[in-house]
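Input: a single structure, listed below in structure tokens.
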Amino acid sequence: MTAGTASHPPPPVRVLLAEDQVLVRDSFKVLIDATPGMTTVGEAGTGVEAVLMARQLRPDVVLMDVRMPDMDGIEATRQICADPACSGVRVLIVTTFDLDEYVYASLRAGASGFLLKSATATELLAAIQVVASGEALLAPTVTRRLITEFLQGPPLAPVVRDLGAVTPREREVLTLIGRGMSNSEIAEYLHLTVGTVKTHIGRLLAKLHARDRAQLVIAAYEGGLIAIPDGRR
């Protein structure tokens, strides 16, 4: 630091709470507002309010419940993530329902993470920071759990993803992302540097119009890159 200059702390992570239960919403607000580097900027009690407030306030992160009046959290997430005006808004689904279809539908709708309300305060705050930084809340172990539960569950309506613009090497990287590998694991498996893997991931995000790594996991399924044990794809 040169003389006469002063460092400035980064702006706080701005959080919109979308939760119909007032007690839960108030608890989240107290926790977030008491945490340095975070602040709540609004509270929505319905899915419709969540969409409107996300457009008006442009928060960094929306904490989104699944079951809400007027519009459920998954549809609200879909509308927020599809709106160009909300391109910088990330959605973190927080729910009491640990159901496979909720996880998958949330990610397909554009959510950057999925967290249960049984999570600790520390886990919730960490999740907000991860999502706000532009990453997906899908550590390799979480991704593997999602894949395992998805494969064991009933088949969902098929969605076909066109991977025509993806190169053979990018397909390899996308397949390994879908299998739950981290960047370092992919680099070791393909004998590449981590930097090269990140470059491939950046190109995949652009070509597949994916917001983050969570969306790439979904693209790997929809592109037929993940083999299902019983022969389905």
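Taking the DSSP bridge list for the stretch 13-137 and keeping only pairs wholly inside it, about 0 percent are antiparallel.
Here Tyr189, Tyr102 are placed in order of increasing Cβ neighbour count within 10 Å, fewest first, which gives Tyr189, Tyr102. Ordering Leu116, Leu63 by the number of other Cβ atoms within 10 Å of each residue's own Cβ, fewest first, gives Leu116, Leu63. Between amide H atoms placed 1.01 Å from N, distances below 5 Å from Arg90 occur with Val61, Val62, all of them 5 or more places distant or on a separate chain.
As a proxy for reagent exposure, ranking Ser133, Ser112 by other Cβ atoms within 10 Å from fewest up yields Ser133, Ser112. Three principal axis extents of the stretch 13-137 based on alpha-carbon atoms, in descending order, are 31, 30, 28 Å. Backbone amide hydrogens, once placed in the peptide plane, bring Thr40 within less than 5 Å of Val15, Asp33, excluding anything fewer than 5 places away on its chain. With K and R counted +1 and D and E -1, the other residues having a Cβ less than 15 Å from that of Met68 yield a net charge of -4. The residues packed around Thr199, meaning those with a beta-carbon under 13 Å from its beta-carbon, carry a net charge of +3 if Lys and Arg are +1 and Asp and Glu are -1. Modelled spin-label separation between Val48 and Lys198, with each label point placed 7 Å from Cα along the Cα-to-Cβ direction: 4.5 nm.
Electrostatic tally near Pro84: other residues with Cβ closer than 13 Å to its Cβ, Lys and Arg +1, Asp and Glu -1, net +2.
Scalar couplings 3J(HN,Hα) for the stretch 175-192, obtained by applying the Karplus form with A = 6.51, B = -1.76, C = 1.60 to θ = phi - 60°, are 4, 5, 4, x, 7, x, 7, 7, 4, 5, 5, 5, 4, 5, 5, 9, 6, 10 Hz; x denotes Gly and Pro. Taking amide H as placed 1.01 Å from N in the peptide plane, Met68 has its amide H under 5 Å from the amide H of Gly73, each at least 5 places away in sequence or on another chain.
The slack in the chain from Asp162 to Gln21, taken as 0.36 nm per residue of separation less the alpha-carbon distance, amounts to 46.7 nm.
Only the coordinates and a few stated rules stand behind these numbers; no lab work does. Small disclaimer: the values here were computed from a predicted structure and weren't measured. Every residue, glycine as well, gets a Cβ built from its backbone with ideal geometry; the counts of neighbours run over all protein chains shown.
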